[in-house]
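**Student:** First the structure, then my questions, so here it is.
Where a number appears in this text, it was derived from the coordinates with a stated rule and is not lab data. These numbers were taken from a predicted model, which means no experiment stands behind them. All Cβ positions, even for glycine, are placed from backbone atoms using ideal geometry, and neighbour counts span all protein chains on display.
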Amino acid sequence: MTPEDLEHADLLLDLDGAVATITLNRPGARNAQRPRMWAGIARILEELGPEVRVVVLRGAGGTFSAGLDLGLLDPARPDEDGNFIAVLELDDQAIIDRIGIYQRPFALLADPRFITVAVVEGHAIGAGFQLALCCDLRIAAEDARFCMKEPALGLVPDLVGTKPLVEAVGYSRALEICASARVVSGAEAGEIGLAQVVVPPSELDAALAATVTALTAHPHGAVTATKALLREAPARSLDDQRLAERTAQVARFRALASG
Ligand code: CAA
């Protein structure tokens with residue numbers, strides 16, 4: 001992507017060897033998300049080279065993301081991204097297809113080619129919470145504030161966040177968090193399995209560096225194949241998962257044997 005494309009998408013991209021860092025860069029609006037940002041994230045992920053092993057997602061200005069740009073829900077504020085209320089003129093299937101496009105970058109974060117890490121400080125609200133959920137790991141500041149705000153707005157979380165939330169904390173806790181739209185602190189996120197690393201805000205960068213070092217220490221092919229196995233495990237029967245393990249191991253044996 002050109003610098004102009006990145007600026008239009010409200011994103012920063014830093015490519016440093018095996019690590020790509022995508023920064024939501026709209027701090028004046030608390031990194032509120034618009035379709036142009038989603039399209040930009042999708043394009044970056046699709047264009048990453050094979051050398052990238054870890055993708056870090058973070059927000060500029062001390063907060064992760066305040067979620068959907070609420071201007072998109074205001075019929076009085078048309079936006080070049082398209083006003084979401086205007087979308088209601090389309091038939092149901094067309095709206096479903098449109099949301100499918102918006103979901104694309106969230107789904108791409110599961111790509112086994114790389115491990116995705118969200119660094120969450122400040123707020124992760126609605127679409128921000130879902131973006132963090134779609135990453136493989138979350139490193140959170142103790143005082144981070146996760147909130148699934150959609151039900152409070154009369155909506156459902158529709159940006160790929162419901163499945164990883166249930167998988168991270170279980171159905172009952174997921175429902176409690178969503179239905180109440182309450183704030184989950186970074187400290188609680190660590191206790192319930194929503195965040196894998198929780199540190200004081202001043203230690204976020206050091207925690208990220210240590211995590212990246214650990215995630216890039218071992219053979220890339222083994223790590224990507226393991227991510228694929230783990231990602232697909234919940235949808236498989238035990239017998240199918242055993243077969244997937246055996247099949248993946250054959251590929252690893254052959255890769256090791258061929259040097
Ligand atoms: N959309 C657009 N602008 C936003 C925004 C959002 N989601 N969140 C914050 N901003 C803007 C504010 O309008 C304000 O702009 P101005 O300076 O031009 O007035 C600026 O960011 C700073 O905001 P605050 O002064 O409110 O900052 P704060 O630090 O005191 O509070 C906050 C931060 C708690 C995130 C608060 O701004 C807030 O509650 N924002 C709204 C959060 C929200 O409801 N998001 C939608 C969730 S639902 C969703 O994402 C998915 C979906 O499908 C609907």
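**Student:** Using each residue's phi in the stretch 126-142, evaluate 6.51 cos²θ - 1.76 cosθ + 1.60 at θ = phi - 60° and report the 3J(HN,Hα) Karplus result to the nearest Hz, with x for Gly and Pro.
**Tutor:** So the Karplus estimates, Gly and Pro as x, are x, 4, x, 4, 5, 4, 5, 5, 6, 6, 5, 9, 10, 9, 10, 6, 3 Hz.
**Student:** Which value in nm describes the separation of the simple spin-label points at ARG242 and ALA222, placed 7 Å from the Cα toward the beta carbon?
**Tutor:** So the label points at ARG242 and ALA222 sit 2.4 nm apart.
**Student:** Can I ask one more? By how many nm would the segment from ASP5 to ALA187 grow when fully extended, if each residue of separation counts as 0.36 nm and the alpha-carbon distance is taken off? The partial results should precede the final answer.
**Tutor:** Working: separation 182, 0.36 × 182 = 65.52 nm, distance 3.62 nm.
That works out to 61.9 nm of additional length.
**Student:** Then there's this: Using amide H atoms built in the peptide plane, which far-off residues or other-chain residues are under 5 Å from VAL56 H to H?
**Tutor:** ALA20, THR21, ILE22, VAL117
**Student:** Next question, about the same structure. Above 24 angstrom, tally the Cα pairs of the chain and express them as a % of all pairs, no decimals.
**Tutor:** Of all Cα-Cα pairs in the chain, 50 percent lie more than 24 Å apart.
**Student:** Follow-up. Tell me, what ³J(HN,Hα) does each residue in the stretch 164-173 have, in order and in whole Hz, if you take phi through Karplus 6.51 cos²θ - 1.76 cosθ + 1.60 with θ = phi - 60° and put x for Gly and Pro?
**Tutor:** x, 5, 4, 5, 7, 10, x, 4, 5, 5
**Student:** For the stretch 45-58, just list the computed ³J(HN,Hα) in residue order, Karplus coefficients 6.51, -1.76 and 1.60, θ = phi - 60°, integers in Hz, with x standing in for Gly and Pro.
**Tutor:** Once rounded to whole Hz, the list reads 4, 5, 8, 4, x, x, 6, 7, 10, 9, 10, 9, 10, 8.
**Student:** How big is the C-alpha Rg of the stretch 79-170 next to the rule-of-thumb value 2.2 N^0.38 Å, as a ratio?
**Tutor:** 1.18
**Student:** Using the basic label-point model (7 angstrom from Cα toward the beta carbon), what is the GLU176 to ARG77 distance in nanometres?
**Tutor:** 3.4
**Student:** If each DSSP helix of 4+ residues adds -39,500 (n - 2.57) and the sum is divided by the residues in the chain, what number results at 222 nm, nearest 500 deg cm²/dmol?
**Tutor:** -13500 deg cm²/dmol
**Student:** Continuing with the same structure: For every other residue with a beta carbon closer than 14 angstrom to the beta carbon of GLY100, add +1 if it is Lys or Arg and -1 if Asp or Glu, then tell me the sum.
**Tutor:** -1
**Student:** Considering Cα pairs under 8 angstrom that are at least six residues apart, work out the relative contact order of the chain and quote it in whole percent.
**Tutor:** Values: 443 pairs, mean separation 39.3, N = 259.
Relative contact order, the chain: 15 percent.
**Student:** Roughly how many Å is it from the Cα centre of the stretch 139-170 to that of the stretch 81-100, as a whole number?
**Tutor:** 23
**Student:** Let me ask you something else. Once amide H atoms are built 1.01 Å from N in the peptide plane, which residues 5 or more positions from ASP81, or in another chain, come under 5 Å H to H?
**Tutor:** Close amide H contacts, sequence-distant or interchain: none at all.
**Student:** Going by alpha carbons, how many degrees (0 to 90, nearest 10) lie between the helix axis of 92-108 and the longest principal axis of the chain?
**Tutor:** In the chain, helix 92-108 runs at an angle near 50 degrees to the longest axis.
**Student:** Give me the net charge for the shell around GLU142: Cβ to Cβ below 10 angstrom, other residues only, Lys and Arg +1, Asp and Glu -1.
**Tutor:** Cβ neighbours under 10 Å give a net charge of -4.
**Student:** Sticking with this structure for a sec: Where is the GNM fluctuation largest for the chain (alpha-carbon springs, 10 angstrom cutoff): ALA127, ALA18, ALA189?
**Tutor:** ALA18
**Student:** Which residue fluctuates most in the GNM of the chain (Cα springs below 10 Å): LEU109, LEU131, LEU204?
**Tutor:** Highest fluctuation among the options: LEU204.
**Student:** Non-local amide H neighbours of VAL198 (under 5 Å, H modeled in plane, Pro and chain starts lacking H): which ones?
**Tutor:** Correct list: ALA140.
**Student:** Here's another thing I want to ask about it. Which angle from 0 to 90°, rounded to the nearest 10, does the C-alpha axis of helix 238-257 make with the longest principal axis of the chain?
**Tutor:** Between the helix axis and the principal axis of the chain, the angle is about 60 degrees.
**Student:** Between ILE95 and GLU46, what length comes free when the chain is fully extended (0.36 nm per residue of separation minus the Cα-Cα distance, one decimal in nm)?
**Tutor:** Answer, rounded to one decimal: 15.2 nm.
**Student:** Also: How long are the semi-axes of the equivalent ellipsoid of the stretch 174-239, defined as square roots of 5 times the Cα gyration tensor eigenvalues? Whole Å, largest first.
**Tutor:** With the √(5λ) rule applied to the stretch 174-239, the semi-axes are 27, 23, 7 Å.
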